[in-house]
Every structure is written in structure tokens, then in C-alpha cells.
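Asker: Quick one: the structure is below, and I'll ask about it shortly.
The values are calculated or read from the model by the stated rules, or taken from the named source; none is laboratory data. If you're wondering where the values come from, they're calculated on a predicted model, not measured in any experiment. Counting neighbours? That spans all protein chains shown, and the Cβs are built from the backbone with ideal geometry, glycine included. For the accessible areas, the whole protein counts, side chains as well, though only heavy atoms, and no ligand, DNA or RNA atoms are used. Shrake-Rupley method; radii C 1.70, N 1.55, O 1.52, S 1.80 Å.
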Amino acid sequence: MDLIRFDLILTVGLLLVVGAAFGWLAVRLRLPRISGFILAGVLLSPSVLPILDRQTVNDLTTPGLVLLAVIGFAIGCSIRFKDLSGLGRAVSSITAWQGMLAWGLTIALLAPFGAWLYGGSNTGVTAQQALVLAFLLGAIAWPTAPAVVLALVRETRSRGQLTTVTLSIVALSDVLAVVAFGLSLEIARAMLQGDTVFSWATAVGVPTIKLLGALGFGSVLGAGLAIGSRIMPARGTLRMAATLGAILLCVWGANAFGFSLILSTMTMGIVAVNLRGESMGAAIEPLEGMVFLLFFVISGLFFELDAIDSIWLLAILITIARCSGKGFGAWFGAKLAHAPANLRSNIGFMLLPKAGLTMGLAFITRDTLGEPFGSLLFNALLLSTLINMAFTPPLAKWALSRSGETGAMDRTEGHKGTSNP
């Protein structure tokens, strides 16, 4: 009986009950449920209330990765190439402009503050190092939170041009973010740590190899799942078990070979749904509500209240620069591509949320750069993520409603008896 972690069982039960209560409260306040889930996690954080200890929270890291993998697969299953017919130019243009402007505006806004923004002489940060940190933070500003976007799409039962383009841009942005971050981190490491030498092979070669590896690994698993699904019913226990098994294999492989987890699982979903059809994503739909609840509550648990005093201004500036760059860049990219007016006016709001991938890059930054730079950036990115999640999910939900795509999934699939998760 000593091997059974009853404390973890109690913790998960607490997360489910409190998360459900705050999700219900958020709906009553006309907010997205995920806003309530994240608030529940923040309140249960060891730095806010003495209910959970830090070790218990750290033990939830692995379950959190599995939940993120399920979300990544679900996002992939929402991207069907036939739905992108005629929109390829818009997707490419919006992806490029929203990412580059978020990166550039972050550098432009943070660099003039210099070392003072990072604590100046108190932390030993020089003006040159501050510019390097701004460059790295700009790269981390590129991705959009796939879990948040998909949760909103599922909650509002949305389907249409805006929904499809958003999910495609999110997937493509995350691919480009991994490459941009790898280059930026290697430059920062070489310039911030005097005993290291910049290497193009490390900065570009390694991220590229891992990128191709994630795409290949996810494609193989996705093709295998699509082939195996031909002998199983579209829904039911067998299909769900096979799908979850493939996702867990993807989690193991991504960790073993150093591939991006979110990219590997998204690729698996994309390949599976385009080879086999919509039934691939239907297998795990009954689980999605629970997955979203636990993932966002667990994400909020890592909030550190003590870090606010030293990095609050940096976190606010990161939020302003990223949201401004993404919002204007998305609109400008859509205008250049002559995208429909409905897409131009709403796509910027859909790309504002950030969460899982941003925090994943923040963890890597902390481990790679160490003290003081790694911890400074990690705490600033965590606080900026919490600020972001306070207002961007409602904005994205409003954009979906304004586009007229909310409820479209029920209208087009009502004859199948599809229920709201």
C-alpha cells in the first residue's frame, strides 16, 4: 500500500472539483470556461494557498504532458486540407506577419529600457545582455496557445473559415516558433555565457533535425493509426483505446528522441484525419472536456506569487508588445493576401492567447541559461502568460461569435446527435 500515492489521488480529485466549480462560475459570468480553470489553478498554487506542496505540483508535470499531447492530437484532427482550399496564401501571409511583428515589436519595446528592466546592477545585467534577452523574448512571443484555441472552438461548437484558418496558423506558427527559438536561444547562450562559442550547427542544425524528426515520427504514427482504424468502429471503446495508445506512444517517442511533443502529436492528428476522415478525432471527443479542465488547472498551479515584485513591468511590456504585434500583423497579413473581410477583422483576436508552448520554451530557457537570466525570463514569461489568459480567451470567444461560426458544428452535424462536450 506504500506504493499507492493517495496524496496524488486526493490532489487530482481536488483539482477536478475546484476546476469544475470555477468553470461553472466563469460560464455564469459569460467568460470562457478555461478562464475559470486557470483561476482555480492559480488559487490552488502553493504560493497562494497552503493546500498543496511544491513537490506534489511538480509530480503533476508528467500528467500535464500527456494532457497536452491529447490536445495536440485533437488540434491536428481539426485541420483538413480540403477545408484550406483557396486559403493557402492567407494562412502563409498571416502566419509570417503576425509572428515577425510580434518578434520585432517585442525587441523594439524592451530594448530601450536596457538593463534597468531586468533589475540593473542588482542582477548584473548589462545593456548588451538586455538586448540579447529582448531578442530571445521576441522569439518566444511567436507561438499561439493551441490548447486555448481548441478549447474555445469546442466550447462554442464553432466551425467555418475563421476556425479552420486559425487552427492551421496555430499549427504552422508553432513549427516556426521551435526553429526561431532554437536559433535565438543559441545566440543568447553564446553571448550571455562567456565560456561558450556560437555554433550555427547547434543553433540551426539541431532544431531543424528535431523538427524533421517530429514531423516524421508523428506522420508514421498517424498513418499507422489511420490504417488500423479501418477495422474498428468510428466511435466506441476500441477506437478510443487505440487512439489513446498511439498518443501515449507519441509522448514516449518525443521524450526519448528529443522531439517537440506538441508538434509530434499535431502531425499525427493531421495525417490521421486527412487519410481516414473526421472519425479519427471523434474517438476522443468524449474525453476533451475533462482533458481541458485538468490541463488548465495544472498550468495555473505553477504560478509564483513571490516573483511579481521584480518582474511585473517586464511581464506587462511583453504582453503589450506581443498582443500589438500579433493583432496588427494578422490583420496586415490577411489584407495583403486579400482574405475575406470576416477573416481580416477577427483573426487577430484568435491568435492572442498563449499558454502551453510558451511555458515549455520558458522551462527550456531557465534550464539552459541558469541564474540569473534563466530565472528572470521564466518568471516574467509565467506572469505575462497569466496576464494574457485573463483577457485574451474572452476576446477570442467574442471574435468567434462575431464571425457567425459559433454553433455551426451543431447545425452541420445535428443529424448525428453530436452533443456539446
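Asker: State the number of residues belonging to region 321-347 that are within 19 Å of residue 108 (Cβ to Cβ) and touching a helix residue (DSSP H, G or I) at 6+ places or on another chain (Cβ under 7 Å).
Answerer: Qualifying residue count, region 321-347: 12.
Asker: Here's a follow-up. Just the residues that are basic (Lys, Arg) and either free of Cβ contacts under 8 Å to residues at least 40 places away in the same chain or open to solvent by less than 40 Å² (accessible area, probe 1.4 Å) (or both), please, taken from region 273-329.
Answerer: Our first condition is that a residue be basic (Lys, Arg); within region 273-329, this holds for 276, 322, 326.
Correct list: 322, 326.
Asker: Another one. Considering 20, 69, 74, 90, which residue is more than 30 Å from residue 241 (Cβ to Cβ) and either touching a Ser or Thr at 6+ places or on another chain (Cβ under 7 Å) or of a type outside the set (Ser, Thr, Tyr) (or both)?
Answerer: Exactly one residue qualifies, and that residue is 90.
Asker: Inspect all residues belonging to region 42-52 and state whether any of them is under 27 Å from residue 251 (Cβ atoms), open to solvent by less than 60 Å² (accessible area, probe 1.4 Å) and at pLDDT 90 or above.
Answerer: yes
Asker: Right, next: If I filter region 388-395 for residues that are more than 15 Å from residue 35 (Cβ to Cβ) and among the hydrophobic types (A, V, I, L, M, F, W, C), do I get at least one hit?
Answerer: Step one: of region 388-395, the residues more than 15 Å from residue 35 (Cβ to Cβ) are none.
No.
Asker: Restricting to region 128-180, name every residue that is open to solvent by 10 Å² or more (accessible area, probe 1.4 Å) and at positive phi.
Answerer: 160
Asker: Turning to a different aspect of this structure: Taking into account only those residues within region 63-86 that are open to solvent by 10 Å² or more (accessible area, probe 1.4 Å) and modelled with pLDDT of 85 or more, which is farthest from residue 304 (Cα to Cα)?
Answerer: Going through the qualifying residues, I end up with 70.
Asker: How about region 135-152: which of its residues are more than 12 Å from the chain's Cα centre (by Cα) and at pLDDT 85 or above?
Answerer: The answer is 135, 136, 137, 138, 139.
Asker: Filter region 254-270 down to the residues that are in contact with a Leu (Cβ under 8 Å, 6 or more places away or on another chain), within 18 Å of residue 76 (Cα to Cα) and not hydroxyl-bearing (Ser, Thr, Tyr), then identify the one that is surrounded by the fewest Cβ atoms within 10 Å (Cβ to Cβ).
Answerer: 261
Asker: For region 389-410, indicate whether the set of residues that are closer than 25 Å to residue 190 by Cα, at pLDDT below 75 and open to solvent by 10 Å² or more (accessible area, probe 1.4 Å) is non-empty.
Answerer: No.
Asker: In the set 208, 202, which member is at pLDDT below 80, within 15 Å of residue 174 (Cα to Cα) and open to solvent by 40 Å² or more (accessible area, probe 1.4 Å)?
Answerer: 208
Asker: How many residues are within 12 Å of residue 298 (Cα to Cα) and surrounded by 19 or more Cβ atoms within 10 Å (Cβ to Cβ) if we restrict to region 9-33?
Answerer: 4
Asker: Among (1) of a type outside the set (Gly, Ala, Ser); (2) under 18 Å from residue 361 (Cβ atoms); (3) modelled with pLDDT of 85 or more, where does residue 262 come up short?
Answerer: Going through the list (1) of a type outside the set (Gly, Ala, Ser); (2) under 18 Å from residue 361 (Cβ atoms); (3) modelled with pLDDT of 85 or more, residue 262 breaks only (3).
Asker: Residue 89 - would you say it is in a loop (DSSP other than H, G, I, E, B) and either open to solvent by 70 Å² or more (accessible area, probe 1.4 Å) or in contact with a strand residue (DSSP E or B) (Cβ under 8 Å, 6 or more places away or on another chain) (or both)?
Answerer: No, not satisfied.
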